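*Asks:* Here it is, the structure in full.
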Amino acid sequence: MNTFDTSHEHQTKFNAETPSTDSVPESAEHSLKKVFLGICWFFTGLGVYRAWIEICFVGTFVPFPEGYCLRDLFDLACIITLLSCVIASRQLSPLTSHVWAKWVVVVSMTASAAMGFAVIWFPQLIDVFAIPASLLGGVGVGFMILFWSELYGCLNPIRIALYYALSQLVGAFVIWTFKGFELPWLAVYTCALPAISLGMLYGALGTLPVEQLPHRVPVQFSFPWKPVAMVCVYSFAFGLQESHTYAYFGPHSGFGMITSALIVCIGILILSRWIDFGAIYSLWLPVMMMVPLLLSLVGSFGDATRGYFISLSYGAAELFMMTMIGSIVYRYGASAVWIFGIERAVRMVAMACGRAAQTVAHGWLLIALVSILAVIGFVIIVTERKLTSDWGIEIHKDDALYETALRNALGRRCAELGREKNLTQREEEVLLLLAQHKTASDIENELCVAHGTAKAHIRHVYRKLDIHSRDELFSLVYNTDDKREAPSGSAH
């Protein structure tokens, strides 16, 4: 969270931007132009490492010799890396501050890619390189996942969804572009992808205010069983059909994945005047997760259409999971390394179990199993469907820093006020941003809405909370009668 400043200068700036009833709304074209100009494309570098995964290991189009791509070994190395970081999360956070971790990512992923292309020209090296390449690739990707997760945990959930959707499109674009390269150039550019992705990550970090950068989380949280249950149920159901996704395309380049990303981008960038992102999160994404997964089983479709539906489902699921976990980090201060490490490791294990079960689950048994899992997953989502939900994550009460952490969990207090004062999801977002010292212009950029729209939301928040100044807002948020009692700073 941003550092709190109650100075007269900042108060004057805030009052100057407090909405008036005669503000003139911007045109849709001008608003959209401002939103696009406000996009920092560094944040889409996540799609670059996604492209590396498909090119080198999962659903690859590269003509590697048979027996080279050891997917299970790659996954196992990644899972072990993620869980090791989860165990050491208190010492490792923030991961982006450790120089050695950067070198682990670049060296291991680059070496893995180089070994892979080497065996194409020198097949006799396959027995020497297959295992090391898989292990190095899994370790490097595990750290890379946590790097990007830590960065995304610094963003408002709407920004998380937007940048992740754009990253899905970037990843697909890179893969489709690389398919046209001659093998030597493909090898060179693929080896460069890890460094490019990491460079974009640190470029994105450089755009964030110091107080918003990843930080050390000194407290412990309860085990995230609800997110884990949802991720486990869906990933197992997807694993049962994962092989059909690769009939024509890889996991990150399929048209279904592109479709889900485009729907979210259009919803946020173009339709945000009329559609609250909470509706995309709580309705569109869950429907896109579950319905296509079921349609792929019950319809009389060919392999291409079936693969499209499964890819559409997985694309929406990735967006939902990333936004859900990122929101918990952003609002409630959980460690990104800890919770994202658990989520991704569970996802990979459940998908592997689904792939293994696919050998015995056929016909009506497969339909029944996926249907039951889809219903269970949907029920879990419905019970925690609000964007502001904490998904049952609690700070351990026996932690010595419990009271401090609870007071600094600004997202929790804003969610409580939202329930008490009947705020909409969009108004809860605005309240949280106001409490973080965001101006109307900042809120416009964060929520991807027009300036007049942001001011209207601020007016609604003030009216529902029955307040007239930011001093009163701080007093309400912090349950204090004096703004000077509010913390002078808080960790995001």
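*Asks:* How high is the relative contact order of the chain, in percent, counting Cα pairs under 8 Å that sit 6 or more residues apart?
*Replies:* Details: 744 pairs, mean separation 126.1, N = 492.
The normalised contact order for the chain reaches 26 percent.
*Asks:* Once the Cα gyration tensor of region 38-383 is found, what semi-axes does its equivalent ellipsoid get, as square roots of 5 times the eigenvalues, in whole Å, sorted largest first? Could the numbers behind the result be given before it?
*Replies:* Working: eigenvalues 151, 140, 78 Å².
Result for region 38-383: semi-axes of 27, 26, 20 Å.
*Asks:* Using amide H atoms built 1.01 Å from N in the peptide plane, name the residues 5+ places from I395, or on other chains, whose amide H lies under 5 Å from its own.
*Replies:* Those qualifying (amide H under 5 Å, at least 5 residues apart or on another chain) are S222.
*Asks:* Whole-Hz Karplus ³J(HN,Hα) for region 72-80, in order, using 6.51 cos²θ - 1.76 cosθ + 1.60 and θ = phi - 60°, x for Gly and Pro?
*Replies:* 5, 5, 4, 4, 4, 4, 5, 4, 4
*Asks:* Which peptide among 210-223, 284-297 comes first, and what is the full order, when sorted by highest mean count of other Cβ atoms within 10 Å?
*Replies:* Values: 210-223: 16.6, 284-297: 21.1.
Output ranking for 210-223, 284-297: 284-297, 210-223.
*Asks:* How big is the Kirkwood radius of region 195-275, worked out from every pair of different alpha carbons and given in Å to one decimal? Write out the running numbers ahead of the final one.
*Replies:* Details: mean 1/r = 0.0579 Å⁻¹.
Hydrodynamic radius (Kirkwood, Cα pairs) of region 195-275 is 17.3 Å.
*Asks:* Right, something else. Determine, for each peptide in 434-447, 415-428, 308-321, 363-376, the mean count of other beta carbons within 10 angstrom over its residues, then list the peptides with the highest first.
*Replies:* Details: 434-447: 20.8, 415-428: 17.7, 308-321: 26.1, 363-376: 14.9.
The peptides rank, most packed first, as 308-321, 434-447, 415-428, 363-376.
*Asks:* Hey, what D do you get for region 79-178 in µm²/s if you plug the Kirkwood alpha-carbon radius into Stokes-Einstein at 10 °C and 1.306 mPa s? Walk me through the numbers on the way to the answer.
*Replies:* On the way: Rh = 15.4 Å.
Estimated via Stokes-Einstein, D reaches 103 µm²/s.
*Asks:* Then there's this: Using a 7 Å offset from the Cα along the Cα-to-Cβ direction at both V379 and L271, what is the distance between the two label points in nm, to one decimal?
*Replies:* For V379 paired with L271, the spin-label model returns 2.9 nm.
*Asks:* Take the alpha carbon gyration tensor of region 237-316, find the square roots of its eigenvalues, order them as a ≥ b ≥ c, and report rounded if a/c is under 1.5; if not, report prolate when a/b exceeds b/c, else oblate.
*Replies:* Taking the square roots of the gyration eigenvalues as a ≥ b ≥ c, region 237-316 is prolate.
*Asks:* Tilt of helix 126-152 relative to the longest C-alpha principal axis of the chain, in degrees (0 to 90, nearest 10)?
*Replies:* Value to nearest ten degrees: 10.
*Asks:* Then there's this: Mind scanning K226/K421; K179/K226; K386/K438; K102/K386 and naming the pairs with a C-alpha gap bigger than 30 Å? Write down the numbers at each step before the final one.
*Replies:* Details: K226/K421 26 Å; K179/K226 40 Å; K386/K438 22 Å; K102/K386 35 Å.
Violating the 30 Å limit, Cα to Cα: K179/K226; K102/K386.
*Asks:* How large is ³J(HN,Hα), in whole Hz, for each residue of region 460-471 in order, when computed from phi with the Karplus curve 6.51 cos²θ - 1.76 cosθ + 1.60 and θ = phi - 60°, using x for Gly and Pro?
*Replies:* 5, 5, 4, 5, 5, 7, 6, 10, 9, 8, 6, 4
*Asks:* On to the next question. When you count, for each residue, the other Cβ atoms within 10 Å and take the mean per peptide, how do 72-82, 96-106 rank with the highest first?
*Replies:* On the way: 72-82: 20.6, 96-106: 15.7.
Top to bottom by mean Cβ count within 10 Å: 72-82, 96-106.
*Asks:* I would also like to ask the following. Which whole-Hz couplings ³J(HN,Hα) result when phi for each residue of region 339-346 is put into the Karplus expression 6.51 cos²θ - 1.76 cosθ + 1.60, θ = phi - 60°, listed in order with x for Gly and Pro?
*Replies:* 6, 5, x, 5, 4, 5, 5, 4
FYI, it's all coordinate maths here, none of it is from the lab. Predicted, not measured: the structure shown is a model, and the values here were computed from it. Here Cβ is always computed from backbone atoms with ideal geometry, including for glycine, and neighbour counts include all displayed protein chains.
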